Amino acid sequence: MLKVPEHQVAGHIAKDGKLGPLVDDQGRFFKPLQGDARGENEAKFYESFSTNKNVPDHIHKYFPVYHGTQLVEASNGSGKLPHLVLEDVVSCYSNPSVMDVKIGSRTWYPDVSEEYFKKCIKKDRATTTVTLGFRVSGFKVFDHQESRFWRAEKKVVLSYKVNGARLALRKFVSSNSPSDDDDSPPNCAFASEVYGGSDGILAQLLELKAWFETQTFYHFNSCSILMVYENESILMKGGGDDEKKKKPVRAQVKLVDFAHVLDGNGVIDHNFLGGLCSFIKFIKDILQS
Ligand SMILES: O=P(O)(O)O[C@@H]1[C@@H](OP(=O)(O)O)[C@H](OP(=O)(O)O)[C@H](O)[C@H](OP(=O)(O)O)[C@H]1OP(=O)(O)O
Ligand SMILES: Nc1ncnc2c1ncn2[C@@H]1O[C@H](COP(=O)(O)OP(=O)(O)O)[C@@H](O)[C@H]1O
């Protein structure tokens, strides 16, 4: 039985009769192929990437595993539609905090329609895409004061300027209230555990950056970095015997959304690389502060 993903933080959502992704209980994420070229393009990317022997294994691990396409009952009740069958990258977490960050200083690319270009540039200018080379698209964190998940409102997230983006990246790793009504600054209590360390988010971003400095196979337009970590271990901390049973934080970076990937034609993807460098600087600053 397929259901609406509990931890989805951005993109098209399968609610109110709309078309959106679904998940099963076997760790698979079913993303409907959008009717226009986007769906076909994303499937083509996954086919190419999953069989591309020139991409090293340590880079493959930053992408959801691809299991082909399958006809499944769509979320909008329109009957069976082709879906990409992907690894559900949050399925192995019990209480994940998740953030989607769209990378690049532009989301449009050569040869798009005038209409699409205008739509993209309007959003790029209204958000931090142009100024920072990335924008937060959505996130959810565990509110340790209220003992429940807190979800950032889409309208608020899309209105972030530089300080808003910085604050969101701090909230993502804080134990105090994430609520927008709360004036207390995020305490970044989990920053070193989640962003730092030899296998934390920063180390993973740096490994990806090293690949982007040389890879010329693909141009990742409008693609996102998904950051995930487990709250279970943090919740159990200091709990005597529970401390021994605690699950690791398992901070992970995954790239998602390849609907607008183009062939790199031997050219560095400087739009993605530049945005990634800027994003890394923000994470480093939080770790150093
Ligand atoms: O429809 P919207 O306004 O929510 O826009 C979607 C974007 O949401 P945003 O408002 O930027 O958070 C959405 O962005 P996120 O995935 O939320 O980062 C996509 O850009 C989506 O386009 P596509 O499926 O990648 O071609 C965008 O969908 P399309 O409008 O291109 O179908
Ligand atoms: N493989 C995946 N596993 C788990 N969650 C995913 C996966 N791919 C996407 N998501 C979730 O769905 C959201 C939207 O995904 P995306 O591919 O950007 O869709 P759209 O094309 O609708 O924008 C992401 O922000 C993330 O929360």
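For this structure, a couple of remarks:
- Any hit, the stretch 175-192, residues being in a helix (DSSP H, G or I) and open to solvent by less than 20 Å² (accessible area, probe 1.4 Å): yes
- The criterion of at least 3 residues that are over 22 Å from F212 (Cα atoms) and away from ligand 2 (no atom under 11 Å from the Cβ) is met, among strands (runs of 3 or more DSSP E) falling completely within the stretch 24-122, by 66-73, 80-87.
- Qualifying positions in the stretch 20-37 - more than 10 Å from ligand 1 (Cβ to nearest atom) and closer than 11 Å to A74 by Cα: G20, P21, L22, F30, P32, L33
- Unique residue being surrounded by 13 or more Cβ atoms within 10 Å (Cβ to Cβ) and of a type in the set (D, E) when the list is D57, D24: D24
- In the stretch 138-153, of all residues being more than 23 Å from I280 (Cα to Cα) and within 16 Å of ligand 1 (Cβ to nearest atom), the one that is surrounded by the fewest Cβ atoms within 10 Å (Cβ to Cβ) corresponds to E153.
- Every pair of residues 6+ apart whose Cβ atoms lie under 6 Å, when the first sits in the stretch 47-60 and is β-branched (V, I, T) while the second is open to solvent by less than 90 Å² (accessible area, probe 1.4 Å): I59/W211
- Residues of the stretch 154-174 that are surrounded by fewer than 17 Cβ atoms within 10 Å (Cβ to Cβ) and either closer than 15 Å to V98 by Cα or basic (K, R) (or both): K154, K155, K161.
- Residue pairs whose Cβ atoms lie under 8 Å apart, separated by 6 or more positions or on different chains, with the first residue in the stretch 254-274 and in the same structural domain as V130 (by TED's automatic domain parsing) and the second of a type in the set (V, I, T) and surrounded by fewer than 20 Cβ atoms within 10 Å (Cβ to Cβ), are G264/T216; N265/T216; G266/T216; V267/T216; I268/T214; I268/T216; D269/T216.
- Figure legend. Inter-residue proximity from the stretch 83-100: first residues farther than 15 Å from F172 by Cβ, second residues within 16 Å of ligand 1 (Cβ to nearest atom) and of a type in the set (D, E, K, R), beta-carbon distance below 8 Å, spacing 6+ or different chains. Indicated pairs: H83/K31; L84/K31; L84/E42; L86/K31; V89/K254.
The values are calculated or read from the model by the stated rules, or taken from the named source; none is laboratory data. In this text the structure is predicted, and so the values were computed from the model without any measurement. Cβ: placed from backbone, ideal geometry, glycine included. Neighbour counts: every protein chain shown. Just the protein is used for accessible areas: all its heavy atoms, side chains included, with ligands, DNA and RNA removed. Shrake-Rupley method; radii C 1.70, N 1.55, O 1.52, S 1.80 Å.
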